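Below is one structure; the comments refer to it alone.
The values are calculated or read from the model by the stated rules, or taken from the named source; none is laboratory data. Not measured: the values here are computed from a predicted model. Counting neighbours? That spans all protein chains shown, and the Cβs are built from the backbone with ideal geometry, glycine included. These accessible areas exclude ligands, DNA and RNA; they are computed on the full protein's heavy atoms, side chains included. Shrake-Rupley method; radii C 1.70, N 1.55, O 1.52, S 1.80 Å.
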Amino acid sequence: MNWFSNLFAKSAPKSAGERQTLPDDAKDAANLDPTQNSRPLTVSHERQPLDVLKQFAPLRGLDEEAIASLPETTLRFGNEARIFSLGETSDTVFYLLEGQINMQPDADQSYRIEAGTSRAHLPLNCGKICGATATTLSEATILAISVELNRLWAQKSQEDICCVELVDIELPEPLNDNRFFASFAKAYRENKLQLPSLPNVALKLKEAMQQDIGINEAVEIIQIDPPILTKLIQVANSPLYAPTSPITNCHDAVTRLGLQATRSLVMGISLKQLFNCQDPHLLRAMQKLWKNSLYLSSLSFVLAEETGKINPEDALLAGLISDIGIIPLLRFAEQYPEQYPDFGELENSIPYLRAPVGALMLHTLDFSEELSAIPHQSENWMYDSGEQITLADIVILAKLHSYFGKEKAKELPYINSIPAYAKLQDGKLNPDFSLTILRKAQQRINAAMSILT
């Protein structure tokens, strides 16, 4: 029983503080049938204080006016009550205010969420399809927000991207008082960062592709750069393309790959040259960044193949540029060796610099609008791009997968609770997907990583 369907339309309050209490026999009946969701013990339409709402993502990123426009309801459930069930559609985003709940994404797995923890400040579901069955482990209070939240957050995210040249860098204390970061932020604001450029062959091919060239014209451009040509032939012979016979020349490689895939792959191969510097300590950081970018691009490639709706080569390129904004930071540090801080502080600054600097760099390199938005969206876990799965969704899913097994994963949402996950396989959630994707596709991931190594 999907009792929460149209929750706000059906239970519009007569007054802001109206509370509805169910009779005792209804409360008992609600928890007897294990196949049905439980009705709440009480339903209140009194709005939560703003400081309470601001604890939750992505509400914390919206202004007060936007938050006030969202219908909200507070629900009280008894122990062992089922709030929602795996695979159900929903027009509501749920948060845990009080108590404990058990989330079960499939028959063999479950996890607990306790009010007040960092995980409780994230949505329990994506507001479209429920990625798990939620059951209370005690009396619990649930905040229900209209799924309109997803649209407002997507709109806010798009506005931030459109204003890329105006977005300031906001660093937390004590980074904000650090001389190096203050200098970097000033250079960014004044558009004085030394941004690297792509190799000539990549730029020429990108410009030519905008004029609808053929295979022969593409071959002429690629042959200008022998290292890129060699790597492209290697790609065409890799297991990713299941070759039946070896390829030894550029024309056959482009024919096998196709023009669009060739463009994306040449761009990806060319990007490796940007991950370089002279300082040996910073070079190690740059190499680590390249390795992480390779892994992310490989995951993006494999996930795109699994969906069958996103070009895998486009996904590979999108994964590579997700963290490209870190390159200008490391190169700026190389320019001012007497100023740059320790690597711990550099790493702490990355979440604040990745998106604005990366978007500016891609905009300067004349990447498409869709690709230029990737640094902004790659860790925007609650971003909802619309009904159909997009390139941004693929990179978001790949990013979340890339943190599996790492310490940071403890702070991140469960994959079954984000909008991008609900779009997999035509909206049909497969609870085993994120657990088996890496094992099933390990060979393909290794092949994808070998392309750009």
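Scan the stretch 170-187 for residues that are modelled with pLDDT under 75 and among the hydrophobic types (A, V, I, L, M, F, W, C) and the total you get is 0. Each residue in the stretch 305-344 was checked for being closer than 29 Å to Leu171 by Cβ, outside any helix (DSSP H, G or I) and open to solvent by 10 Å² or more (accessible area, probe 1.4 Å), and 8 of them qualify.
Every residue in the stretch 200-236 that is of a type in the set (Val, Ile, Thr) and touching a helix residue (DSSP H, G or I) at 6+ places or on another chain (Cβ under 9 Å), please.
If we filter the stretch 200-236 for residues that are of a type in the set (Val, Ile, Thr), which is where we start, we get 201, 213, 215, 219, 221-222, 224, 228, 230, 233, 235.
Matches in the stretch 200-236: Val201, Ile213, Ile215, Val219, Ile221, Ile222, Ile224, Ile228, Ile233, Val235.
Would you point out the residue of the stretch 386-398, among those that are within 16 Å of Glu306 (Cβ to Cβ) and either modelled with pLDDT under 85 or not aliphatic (A, V, I, L, M) (or both), that is nearest to the chain's Cα centre (by Cα)? Walk me through it before giving the result.
Filtering the stretch 386-398 for residues within 16 Å of Glu306 (Cβ to Cβ) gives 388-391, 393-398.
Add one more test, that the residue is either modelled with pLDDT under 85 or not aliphatic (A, V, I, L, M) (or both), and what stays is 388, 390, 393.
On the way: Gln388: 15, Thr390: 11, Asp393: 6 Å.
Across the stretch 386-398, the extreme among qualifying residues is Asp393.
Quick one: is Val302 in contact (Cβ under 8 Å) with a residue 40 or more places away in the chain and closer than 16 Å to Met449 by Cβ?
Working: in contact (Cβ under 8 Å) with a residue 40 or more places away in the chain: yes; closer than 16 Å to Met449 by Cβ: yes.
For Val302, the condition - in contact (Cβ under 8 Å) with a residue 40 or more places away in the chain and closer than 16 Å to Met449 by Cβ - is met.
Could you count how many residues in the stretch 372-402 are over 20 Å from Ser157 (Cβ atoms) and either touching a Ser or Thr at 6+ places or on another chain (Cβ under 7 Å) or part of a loop (DSSP other than H, G, I, E, B) (or both)?
Within the stretch 372-402, the subset over 20 Å from Ser157 (Cβ atoms) is 401-402.
Within this subset, residues satisfying the condition of being either touching a Ser or Thr at 6+ places or on another chain (Cβ under 7 Å) or part of a loop (DSSP other than H, G, I, E, B) (or both) are 401.
Counting residues in the stretch 372-402 that are over 20 Å from Ser157 (Cβ atoms) and either touching a Ser or Thr at 6+ places or on another chain (Cβ under 7 Å) or part of a loop (DSSP other than H, G, I, E, B) (or both) gives 1.
Residue-by-condition table, conditions (1) within 30 Å of the chain's Cα centre (by Cα); (2) not charged (D, E, K, R):
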residue	(1), (2)
Glu46	no, no
Gln55	yes, yes
Leu62	yes, yes
Glu65	yes, no
Gly78	no, yes
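Quick one: would you say Lys428 is at pLDDT below 60 and out of contact with any strand residue (DSSP E or B) (no Cβ under 8 Å at 6 or more places or on another chain)? Here the answer is yes, as Lys428 does meet what is asked.
Here Glu114 meets each of (1) more than 25 Å from Gln377 (Cβ to Cβ); (2) open to solvent by 40 Å² or more (accessible area, probe 1.4 Å); (3) modelled with pLDDT under 95; (4) not hydroxyl-bearing (Ser, Thr, Tyr) with one exception, condition (3).
Would you point out which residue out of Gln287, Gln273 is at pLDDT 90 or above, surrounded by fewer than 23 Cβ atoms within 10 Å (Cβ to Cβ) and either not basic (Lys, Arg) or not in a loop (DSSP other than H, G, I, E, B) (or both)?
Values: Gln273 fails: at pLDDT 90 or above.
Unique residue meeting the criteria: Gln287.
Of the helices (runs of 4 or more DSSP H) lying entirely inside the stretch 1-109, the ones with 2 or more residues being modelled with pLDDT of 95 or more and within 29 Å of Glu379 (Cβ to Cβ) are found at 50-53, 64-68. Evaluated against (1) among the β-branched types (Val, Ile, Thr); (2) in a loop (DSSP other than H, G, I, E, B); (3) surrounded by fewer than 17 Cβ atoms within 10 Å (Cβ to Cβ), Ile350 falls short on exactly one condition, (2).
Looking at this structure, is Tyr295 hydroxyl-bearing (Ser, Thr, Tyr), modelled with pLDDT under 90 and in a loop (DSSP other than H, G, I, E, B)? It would help to see each step written out before you state the result.
Details: hydroxyl-bearing (Ser, Thr, Tyr): yes; modelled with pLDDT under 90: yes; in a loop (DSSP other than H, G, I, E, B): no.
No.
When the stretch 119-162 is filtered for residues that are in contact with an Asp or Glu (Cβ under 8 Å, 6 or more places away or on another chain), of a type in the set (S, T, N, Q) and more than 27 Å from Ala373 (Cα to Cα), the ones remaining, listed by number, are Thr135, Thr136, Thr141. Here no helices (runs of 4 or more DSSP H) wholly within the stretch 170-248 include at least 2 residues being exposed (fewer than 11 other Cβ atoms within 10 Å of the Cβ) and in contact with a Leu (Cβ under 8 Å, 6 or more places away or on another chain). Can you pull out every residue in the stretch 124-155 that is under 23 Å from Gln36 (Cβ atoms), open to solvent by 10 Å² or more (accessible area, probe 1.4 Å) and hydroxyl-bearing (Ser, Thr, Tyr)? Selection gives Thr133, Thr135, Ser138, Thr141. For the stretch 356-379, filtering for residues that are within 24 Å of Pro123 (Cα to Cα) and either of a type in the set (D, E, K, R) or open to solvent by 20 Å² or more (accessible area, probe 1.4 Å) (or both) leaves 2. In the set Phe184, Phe94, Phe77, only one residue is in contact with a Ser or Thr (Cβ under 8 Å, 6 or more places away or on another chain) and of a type in the set (Phe, Trp, Tyr); that residue is Phe77.
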